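Colleague: Here you go, one structure.
Since every read-out is calculated from the coordinates, none of them should be taken as a lab result. The structure presented is a predicted model; accordingly, all values stated were derived computationally and were not measured. Positions of Cβ are generated from backbone atoms using ideal geometry, with glycine treated the same way; all protein chains shown enter the neighbour counts.
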Amino acid sequence: MSDRRVSVRKTYKLFIGGAFPRSESGRSYPVTRTEHAARASRKDARDAVVAARKAFPGWSGATAYNRGQILYRVAEMLEGRRAQFADELGGPRKQALEQVDAAVDRLVWYAGWSDKIAAVRGTANPVASPYLNLSSPEPVGVVAVVAPADPLLGLVSAVAPVIVTGNTCVVVAAERAPLPAITFAEVLATSDLPGGVVNILTGHQAELAPWLAAHMDVNGLDLTGVTTPEQALACERAATENFKRVLTAAEDRGTRRMTAFMETKTVWHPAGI
Amino acid sequence: MFEYAPAPESREIVDLRPSYGLFIDGEFTEGSGPAFKTVNPATEETLAEVACASADDVDRAVRAARKAFGGWSGLPGSERAKYLFRIARIIQERARELAVLESLDNGKPIRESRDVDLPLVAAHFFYYAGWADKLQYAGFGTKPLGVAGQVIPWNFPLLMLAWKVAPALACGNTVVLKPAETTPLTALLFADICRQAELPPGVVNIVTGAGETGAAVVAHPEVDKVAFTGSTEVGRLIARTVAGTGKKVTLELGGKAANIVFDDAPIDQAVEGIVNGIFFNQGHVCCAGSRLLVQESVQEELLAALKRRLGTLRLGDPLDKNTDIGAINSAEQLARIRSLSETGESEGAERWSPACELPERGFWFPPTLFTGVAQSHTIAREEIFGPVLSVLTFRTPAEAVEKANNTPYGLSAGVWTEKGSRILWMAERLRAGVVWANTFNKFDPASPFGGYKESGYGREGGLHGLEAYLDV
């Protein structure tokens, strides 16, 4: 009896501004027989938006090369915790490992886009007057992401394209399986990703998503993970108040998840002596 | 100052009919709503009576567009292109007629409708004609969306029509377009051009009317794509109507652009840019440089030069070739400009206009500038959409960026400085869809246009403009 060590369990908390606070509401909700997750309040959601906004100038102003390096570093850190994530995902071991591997590979894929998307989406425009005219894509700002139910691969597939271009985000983790999202936050926290670039909330989607959809300092909204059509419609309507860029479908084709949250800026300058 | 003799453009070239119908399925037809009058804002004379499309008429137009869609989208791109080239050529050929009609109905100076609007309209059709058979190279696929419902404003009636219709047709969509109720005439002349070009019936349908007609176009269940240019207020209603329907939307809305002048900018060039930025088209421009941010150290010198220049602007008959500033488009818009200017004064800003005689009939407002404007003032925050400039100052580049971005809008911005690295530094930080450096209010069909934040969704023009009309 005495030779069996009692394990030290992890408290799953929120991830806001690079720190791991509990919900300011003091609430949590049961996820498994033995584990709870923090149940974020709308105040936590607002705090997360503030953290994301604060991180935006630095992250969007970092070089594309630097952002690519950091995403690649996230992939490295995730690879190193392969077994831990497979445990947390549960189910058949082989499938769980495949999920983790796919998430790592997706991070690597998006990491490489950091310094290529502008070349693909930008244009040099041959205007009919003596001007240099260039269009280039830029991050839209703070994006709220309602992450899909798939707890790790879904999360990574939603977050990586949003941040690689320079956006910062507030993520509502999958409601029923939020724990891998918080463990993923530990990966982010040890990857040189500046605090506030990714903020992760666990809790009830119905309680958090509408507040983020209506938040006037959020510029983009990814509704991929919204579970009911009524909720999706309500969020889409609320998003129109400040014309958030909204991604509704689980579109994973090509560059769509990146370009959905990019603006095109066109700069003119006269050419002459 | 020189005295100028009047040099009016003849209006003989325009054959105005007493009344106009809707253009549906290749035919002009009656509207079932109450007909309305369109007036010349420079004289208040009635130009014509125009049919008003009811919801039933809109339905008829959408069904005609739906019926035409299969054939039009099924044409090889190279054939669609030839129709668009035809239209572009006819527009060039009838440019004078269109320019005079535009100035009559809108109130803008003939110099602008002739030298800016019309050349850009023709160029836009040429540009997108060339894309019709090259869509596979643009990266958005080649599948059109279906029927496009398009609602356009009164400030550049025919140019906004071109921005909407040309890319829609090039991509294989068919169109139901509603022009603004105060400026329907050039769109109806365009309908005649479609007939002249033998464009298949139903590919372009034009329904005239006011807000209700536009709302019917936007809400019609058979419309697959909504494109709107106009106020942020109406844009928000449209976005809400369309949310959750799966319709694709592009919105080009309001602005409150900062035009930023640094102390090293060549003053005379900057003054020309400021004047062009806010007084072009009577300031009825969504991307107008309505907030002048001038570096404190050159404020006095710049304002003195600006006031001198404003004294030389000629306001009056839009058809006079010497006119710089034409009429305000409507009594309603004039009331709005007056009311916001009064608010500017009552909130403590100082108002100035050059000595300027306003004609007795028609809707007129003198070029106006406000100094001593704070960021909190209504005239520094709200779009006035008239010839009214708010002047603010700054000390450092960082402060200029902060103030320029301190608005819910993000359509355009201007920067004036001789220092190249500072231009790039500023351009990177300004949150606006178009940044004009050492220039302002330049447009080209090859150049994408559209806003950040509450200035709307999507881009018009250039390769980017195709995305709005393809099923990406």
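Colleague: Treat every Asp and Glu Cβ in the stretch B:11-140 as -1 and every Lys and Arg Cβ as +1, leave all other atoms uncharged, and give the resulting dipole magnitude about the Cα centre to the nearest 20 debye.
Modeller: Computed about the Cα centre, the dipole is about 600 debye.
Colleague: Relative contact order for chain A using alpha-carbon pairs under 8 Å, separation at least 6, rounded to a whole percent?
Modeller: 25
Colleague: Could you pull out which residues in the stretch B:398-442 have an amide N less than 19 Å from a spot 7 Å beyond the Cα of B:Thr312, following the Cα-Cβ vector?
Modeller: Within reach of a label on B:Thr312: B:439-440.
Colleague: Identify the GluC sites (Glu not before Pro) of the stretch A:186-273 meeting these criteria: DSSP loop state and at most 16 other C-beta atoms within 10 Å of the C-beta.
Modeller: The qualifying sites are A:Glu251.
Colleague: Still on this structure, I have one more. What's the magnitude of the charge dipole for chain B around its Cα centre, counting Lys and Arg as +1 and Asp and Glu as -1 at the beta-carbon? Answer in Debye, nearest 20.
Modeller: On the way: 47 positive and 58 negative charges, 260 e Å.
Dipole size: approximately 1260 debye.
Colleague: Of A:Ala102, B:Ser447, B:Gly277, which is farthest towards the positive pole of the protein assembly as shown's charge dipole, taken about the Cα centre with +1 and -1 on the beta-carbons of Lys, Arg and Asp, Glu respectively?
Modeller: A:Ala102
Colleague: List, in order, the whole-Hz ³J(HN,Hα) value for each residue of the stretch A:231-239 obtained from phi through the Karplus relation with A = 6.51, B = -1.76, C = 1.60 and θ = phi - 60°; use x for Gly and Pro.
Modeller: 5, 4, 5, 4, 5, 4, 5, 4, 5
Colleague: For the pair A:Asp3 and B:Glu347, how long in nm is the line joining their label points, each one 7 Å along Cα→Cβ?
Modeller: 8.0
Colleague: So, in Å, what gap is there between the alpha-carbon centers of the stretch B:1-53 and the stretch B:69-108?
Modeller: 19
Colleague: If you don't mind, there's one more thing I want to ask. Which aspartates and glutamates have a Cα less than 14 Å from the Cα of B:Lys37, not counting those fewer than 8 places away in the same chain?
Modeller: Straight-distance partners of B:Lys37: B:Glu45, B:Glu49, B:Asp105, B:Glu181.
Colleague: Between the alpha-carbon centers of the stretch B:244-293 and the stretch A:194-273, tell me the distance in whole angstrom.
Modeller: Here the two parts' Cα centres lie 27 Å apart.
Colleague: Return the long-range amide H neighbours of B:Glu418 (sequence gap of 5 or more, or a different chain), with a cut-off of under 5 Å between placed amide H atoms.
Modeller: B:Asp264, B:Ala265
Colleague: If we count every other residue with Cβ under 12 angstrom of B:Arg395's Cβ, Lys/Arg +1 and Asp/Glu -1, where does the sum land?
Modeller: -3
Colleague: Separation of the stretch A:5-64 and the stretch B:403-472 by C-alpha centroid, Å?
Modeller: 36
Colleague: While we're here: Say a site is exposed when it is one of the trypsin sites (Lys or Arg not before Pro), sits in a DSSP loop, and has at most 14 other Cβ atoms within 10 Å; what is then the longest site-free stretch of chain A?
Modeller: On the way: sites that count: A:Arg4, A:Arg5, A:Arg9, A:Lys10, A:Arg33, A:Lys116, A:Arg176, A:Arg253.
Value returned for the longest uninterrupted segment is A:34-115.
Colleague: Want the number for A:Ser25 to A:Lys10: 0.36 nm per residue separation, take away the alpha-carbon distance, what's left?
Modeller: Value of the extension gain: 3.4 nm.
Colleague: Then there's this: Cα axis of helix A:42-61 to longest principal axis of chain A: angle in degrees, 0 to 90, nearest 10?
Modeller: Helix A:42-61 sits at roughly 50 degrees to that axis.
Colleague: Relative to the longest principal axis of chain A, what angle (0 to 90°, nearest 10) does the C-alpha long axis of helix A:205-214 take?
Modeller: Roughly 20 degrees between the two axes.
Colleague: Using only Cα atoms and rounding to the nearest 10 degrees, what angle (0 to 90) does helix B:118-131 make with the longest principal axis of chain B?
Modeller: Its long axis makes an angle of about 50 degrees.
Colleague: Next question, about the same structure. Taking amide H positions as placed 1.01 Å from N in the peptide plane, with prolines and chain starts having none, which residues 5 or more places from B:Leu411, or on another chain, fall under 5 Å of its amide H?
Modeller: Excluding prolines and chain starts, which carry no amide H, the hits are B:Lys256, B:Gly433, B:Tyr452.
Colleague: Within straight cross-link reach of A:Lys10, meaning Cα distance under 28 Å, which lysines are found once same-chain residues fewer than 8 apart are removed?
Modeller: A:Lys43, A:Lys94
Colleague: Could you put B:Met160, A:Met77 in order, starting from the residue whose Cβ has the fewest other Cβ atoms within 10 Å?
Modeller: A:Met77, B:Met160
Colleague: Per-residue HN-Hα couplings for the stretch B:356-363, Karplus 6.51 cos²θ - 1.76 cosθ + 1.60 at θ = phi - 60°, whole Hz, x for Gly and Pro?
Modeller: Couplings: 7, 8, 9, x, 6, 9, x, 10 Hz.
Colleague: Once the dipole of chain B is set up with Lys and Arg at +1 and Asp and Glu at -1 on Cβ about the Cα centre, which of B:Gly244, B:Ile260, B:Trp154 lies farthest towards its positive end?
Modeller: Positive-end residue among those listed: B:Gly244.
Colleague: Which residue, chosen from A:Ile117, A:Tyr72, A:Gly26, occupies the Cα position most advanced towards the positive end of the dipole of chain A, where the dipole is computed from +1 (Lys, Arg) and -1 (Asp, Glu) charges on Cβ about the Cα centre?
Modeller: Farthest towards the positive end: A:Gly26.
Colleague: In percent, how large is the relative contact order of chain B, given Cα pairs closer than 8 Å and 6 or more residues apart?
Modeller: Worked out over chain B, it gives 18 percent.
Colleague: Round to the nearest 0.05 the FRET efficiency obtained for A:Lys94 and B:Lys134 when R0 = 41 Å and r is the Cβ-Cβ distance.
Modeller: Approximately 0.30, to the nearest 0.05.
Colleague: Less than 15 Å apart at the alpha-carbon level, and either on another chain or at least 8 residues along: which aspartates and glutamates does that give for A:Lys116?
Modeller: A:Glu138
Colleague: Do the sum for chain B: with -39,500 (n - 2.57) for every DSSP H run of n ≥ 4, divided by all residues, what is the mean residue ellipticity at 222 nm, to the nearest 500 deg cm²/dmol?
Modeller: Taking each H run of at least 4 residues, the total per residue is -11500 deg cm²/dmol.
Colleague: Follow-up question, since we're still on this one. Amide H of B:Lys321 versus every other amide H placed in the peptide plane: which residues, excluding those fewer than 5 positions away on the same chain, fall under 5 Å?
Modeller: B:Ala7, B:Glu9
Colleague: Multiply the residue separation of B:Glu233 and B:Glu198 by 0.36 nm, subtract the distance between their alpha-carbon atoms, and state the gained length in nm to one decimal.
Modeller: Difference between extended and current length: 8.8 nm.
Colleague: Charges only on Cβ, +1 for Lys and Arg, -1 for Asp and Glu: so what's the dipole of the stretch B:258-437 about the Cα centre, in debye to the nearest 20?
Modeller: Values: 17 positive and 23 negative charges, 58 e Å.
The calculated dipole for the stretch B:258-437 is roughly 280 debye.
Colleague: For the pair B:Ala335/B:Ala35, report the inter-label distance in nm, with labels modelled 7 Å from Cα in the Cβ direction.
Modeller: So the two model labels end up 2.6 nm from each other.
Colleague: Apply the Karplus parameterisation 6.51 cos²θ - 1.76 cosθ + 1.60, with θ equal to phi minus 60°, to every residue of the stretch A:22-34 and state each ³J(HN,Hα) to the nearest whole Hz, in sequence, with x for glycine and proline.
Modeller: Computed from phi, the couplings for the stretch A:22-34 are 6, 5, 5, 7, x, 9, 9, 9, x, 10, 10, 4, 10 Hz.
Colleague: While we're looking at this one, here's another question. Per DSSP H run of n ≥ 4, the term is -39500 (n - 2.57); total these for chain A, divide by its residue number, and report the mean residue ellipticity at 222 nm rounded to 500 deg cm²/dmol.
Modeller: -13500 deg cm²/dmol
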